[in-house]
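Take a look at the structure set out below.
The values are calculated or read from the model by the stated rules, or taken from the named source; none is laboratory data. This structure is a prediction, so every number in the text was calculated from the model and none was measured. Glycine also receives a Cβ, built like all others from the backbone with ideal geometry; neighbour counts cover every protein chain displayed.
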Amino acid sequence: MDYMEEPKGGKPAWRKLFLEKGFELFSTRSIDAVTLQDVADASGHGVATLYRYFTSKTGLLLEISAWKWGEFFRANRKRRPAGGFDRRTAAEMFDFYLDSYLEVYRNYKDLLRFNQMFNIYLRSEEVERGHVDVYQGLMKPITDFVHLMYEKAKVDGTLRTDISETEILSTTIHLMLAAVTRYAVGLVYEPAEGFDDLKELESLKEMLFLKYTT
């Protein structure tokens with residue numbers, strides 16, 4: 001197809017194609033090494049066409065991040081128990097929350113690799129504060145869930161509330177996300193006899209569960 005020919009589905013199809021090809025490139029190579037021209041070439045379009053939708057690399061990266069994290073959060077919601085968490089304890093919610101990080105590792109390793117490289121890019125480039133705030137806001141489904149969990153813990157007492165909600169969120173998100181990301185990008189010690197990556201991650205989950213539940 002000629003790059004000036006609009007595909008079936010029109011402009012939304014073009015935008016989705018740029019997101020897909022951008023994600024493929026950015027999740028397998030360093031972000032600095034990928035240009036918008038590379039994304040356009042991989043999509044079979046001219047870079048001028050790409051610029052109609054994304055005027056900067058950061059803008060494209062943010063939209064890719066929102067799209068892929070949105071995919072994960074929607075899929076993860078389907079793992080919730082029938083009837084939701086209304087009749088579940090805070091500790092049961094916490095178990096689901098911790099396991100969600102393992103779910104990213106099980107089925108979305110490419111997202112973890114992309115996320116790691118995007119984090120590095122945001123910190124190495126002079127990216128506007130507003131873009132960083134938008135990126136951090138993508139984690140809102142996590143903060144909202146932890147808040148509901150913590151409020152339930154105040155009632156049922158199955159999760160420690162002598163530790164602040166902020167501390168529980170910060171500690172768990174940093175430890176779990178750092179761990180699954182490290183395994184996803186391959187920055188791990190590999191014994192000669194091999195190792196069980198999921199078993200090791202389950203051990204971290206268990207330690208955090210025991211630390212914060214009553």
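In the range 58-73, the residue that is farthest from residue 123 (Cα to Cα) out of those that are more than 12 Å from the chain's Cα centre (by Cα) and surrounded by fewer than 19 Cβ atoms within 10 Å (Cβ to Cβ) is 63.
Residues that are of a type in the set (D, E, K, R) and surrounded by 15 or more Cβ atoms within 10 Å (Cβ to Cβ) were ranked within the range 29-50; the one that is farthest from residue 63 (Cα to Cα) is 41.
Here's the yes/no breakdown for (1) free of Cβ contacts under 8 Å to residues at least 40 places away in the same chain; (2) under 20 Å from residue 86 (Cβ atoms); (3) touching a His at 6+ places or on another chain (Cβ under 6 Å):
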position: 138; (1), (2), (3): no, no, no
position: 141; (1), (2), (3): no, yes, no
position: 147; (1), (2), (3): yes, yes, no
position: 152; (1), (2), (3): no, yes, no
position: 162; (1), (2), (3): yes, no, no
position: 171; (1), (2), (3): yes, no, no
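Within the option set 35, 49, 55, being among the hydroxyl-bearing types (Ser, Thr, Tyr), at pLDDT 95 or above and over 18 Å from the mean Cα position of the chain (by Cα) holds for one residue only, 35. Restricted to the range 189-201, and to residues there that are among the hydrophobic types (A, V, I, L, M, F, W, C) and at pLDDT below 95, the residue that is surrounded by the most Cβ atoms within 10 Å (Cβ to Cβ) is 195. On the stretch given as the range 74-121, residues that are of a type in the set (A, V, I, L, M) and surrounded by fewer than 17 Cβ atoms within 10 Å (Cβ to Cβ) total 3. Here the condition is being at pLDDT 90 or above, farther than 25 Å from residue 74 by Cβ, assigned to a helix (DSSP H, G or I) and outside the structural domain of residue 34 (by TED's automatic domain parsing); of 204, 177, it holds for 204 alone. Only residues that are modelled with pLDDT of 95 or more and over 24 Å from the mean Cα position of the chain (by Cα) were counted across the range 81-101, and they come to 2. In the set 162, 156, only one residue is out of contact with any Pro (no Cβ under 7 Å at 6 or more places or on another chain), surrounded by 13 or more Cβ atoms within 10 Å (Cβ to Cβ), more than 20 Å from residue 63 (Cα to Cα) and at pLDDT 95 or above; that residue is 156. Of all the listed residues (79, 182), the sole one being within 30 Å of residue 19 (Cα to Cα), in contact with a helix residue (DSSP H, G or I) (Cβ under 9 Å, 6 or more places away or on another chain) and without any contact (Cβ under 8 Å) to a residue 12 or more places away in the chain is 182.
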